[in-house]
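The values are calculated or read from the model by the stated rules, or taken from the named source; none is laboratory data. Just so we're clear, the structure is a prediction, and the values are computed from it rather than from any experiment. A quick note on method: Cβ atoms are made from the backbone with ideal geometry, for glycine too, and the neighbour counts reach across all protein chains shown. When the accessible area is computed, the model is the full protein with side chains, heavy atoms only, and any ligands, DNA or RNA have been set aside. Shrake-Rupley method; radii C 1.70, N 1.55, O 1.52, S 1.80 Å.
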Amino acid sequence: MLLTKPPVAESPPAARPGAAWQAAGLTGAVLFLLAAIALSLAVGAKPLSLAQAWDGLVHGDSAAYTIVHDMRLPRTLLGLLAGTALGLGGAVMQALTRNPLADPGILGINAGAAAAVVSAISFLGVTSFTGFVWFAFAGAGAVAVLLYAVGGGRGATPARLALAGSALNAALFSYVNAVQLLDTASLDRMRFWTVGSLAAAQDYTVVRVAPFVLAGLVAALLLARPLNAMAMGEDAARALGADPRRARIAAIVTVTLLCGAATAACGPIIFVGLMVPHLVRALTGPDLRRLLPYCAVLSPALMLAADVLGRVVVRPSELQVGIVMVVAGGPVFLYFVRRPRRGMS
C-alpha cells in the first residue's frame, strides 16, 4: 500500500500583479475628477473659496448661489458630459480601427459635425441646441463613414487614416472659415462655438445633451466585448459569437452619437479622445471592459482641468477650452506619431 501525503489546503489565488495598480489608478482618477469639479465651481472672474462654492451649491440663501447655479454649475455639468463623450468616442474609434492615433477631432468627425452646424446657423437660421444636434449627428456620421471608406476599411493603417483625416479636417474647417467670413451676421454666434467652449452653457443645454451622451455611454460599454473579440481577427470574433459587421456599424453609430452631441453642445474640441485612452491603456491594457470606465472618469476630468486653466492664464479674460486642448494636445500627438508603434497594447 502506497503512502500518500495528506492533501494540503490550497491558498487562494494571488491577485494579478497589475490589479493593485489598477485599483489605485481608478481611485486617483476619481479624486482627480472631484478636484476638477471643485475647481470648476470655484474658479472664475469672481474667485470663490471651496467653502463658498459648496455653500453656493447647497444653500439657496448664499451670496454665491447665483454665481454657482446660474454660471458655473451648467458649465461644469456640460464639461462632464462633453468630456465623457469625447473620451469614449476616441476609445471606441481606436478599438474599431486598431489605430492608436484615432481621435474624432484629428480624423475629421468633429469637423464634419461643425461644418453641418455652421451651415445650419448660416443658411437655415438655426440657433438652438435642439436644431444643432441633428445637423451635428448628420455631419459626424457622414464623415465617419467617408473616413472609414477612404482610409481603407478593415485594412486601414494608422498612416492612411491620419492622412485621410487630416485632409478631411483641412477641407471642412476651410469651409467653416469661409462661411464665417461670408456671413458676418452669423459670425458672432459662431466664433466662440467653432473654437470649442463651455462658456455659453445653460441649464437647458445640459438637460438636452445628457440623454444622447448617456445613450452613447451605454452603447460604448455594450460594445466592449464585440470589439475585444474583433481585436483577435474576424474569424476569431465569429467563433466567439460576435458579428464583425454589426459591431462595426454599431461602433460608427456610437461614435457619431457621442461626438455629434458633444460638438453640438460646445463646438469641436480635439485631443481629448486621443490622450486619455493612451494614458489609460498603459494602466489597464487593451481590454475595453476596463479601459472604457477609466476613460469615462478621466476624460471629463481632463476637460474640466483644461477649462479651469483657460480661466486663469489670461485673467481677466479667458481662453476657450478648445484652444487649451490644442496647445496641450499638440505635443502629445507629435510624440505618439514619432514613437515606434507597439500596437494597441
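If I build a Gaussian network model for the chain, linking alpha-carbon pairs within less than 10 angstrom, which residue out of Pro226, Pro104, Pro331 has the largest mean-square fluctuation? Residue with maximal mean-square fluctuation among Pro226, Pro104, Pro331: Pro331.
Summing charges over neighbours of Leu288, with a neighbour being any other residue whose Cβ is under 11 Å away from its Cβ, gives +3 when K and R count +1 and D and E count -1.
Which of the helices in the chain, when you take each full DSSP H run, stretch at least 24 Å along the axis at their Cα atoms and have an average Kyte-Doolittle score of 0.5 or higher? Passing helices, by number: 19-42, 73-97, 129-150, 158-182, 203-222, 244-266, 288-312, 321-338.
Label positions at Lys46 and Asp243, each projected 7 Å from the Cα along the C-beta direction, are separated by 5.6 nm. Out of all Cα-Cα pairs in the chain, roughly what percent, to the nearest whole number, are more than 25 Å apart? Beyond 25 Å sits 53 percent of the P(r) for the chain. Would you please classify the overall shape of the range 55-129 from the alpha carbon gyration tensor, given that a ≥ b ≥ c denote the square roots of the eigenvalues, rounded means a/c under 1.5, and beyond that prolate means a/b larger than b/c while oblate covers the rest? Oblate, since a/c reaches 1.5 and b/c is not below a/b. Multiplying the residue separation of Asp61 and Val314 by 0.36 nm and subtracting their alpha-carbon distance yields 87.9 nm. Please check: in the Gaussian network model of the chain (C-alpha springs, under 10 Å), which one of Ala199, Ala45, Ala231 has the largest mean-square fluctuation. Of Ala199, Ala45, Ala231, the Gaussian network model singles out Ala45 as fluctuating most. Counting only protein chain heavy atoms and rolling a 1.4 Å probe, the accessible areas of Val118, Val314 rank, largest first, as Val314, Val118. Rank Asp61, Asp287, Asp203 by mean-square fluctuation in a GNM of the chain with C-alpha springs under 10 angstrom and give only the top-ranked residue. Result: Asp61 has the largest fluctuation of those listed. Taken over the C-alpha atoms, the range 231-271 has Rg and Dmax values of 14.5, 42 angstrom.
Ignoring ligands, DNA and RNA, what percent of the 1.4 Å accessible area of the range 27-132 is carbon and sulfur?
Values: 2660 of 3830 Å².
Here it works out to 69 percent.
Taking label points 7 Å from Cα along the Cα-to-Cβ direction, Phe32 and Tyr335 give a separation of 1.2 nm. In the context of the full set of protein chains, the chain has a per residue accessible area of 48 Å² (1.4 Å probe).
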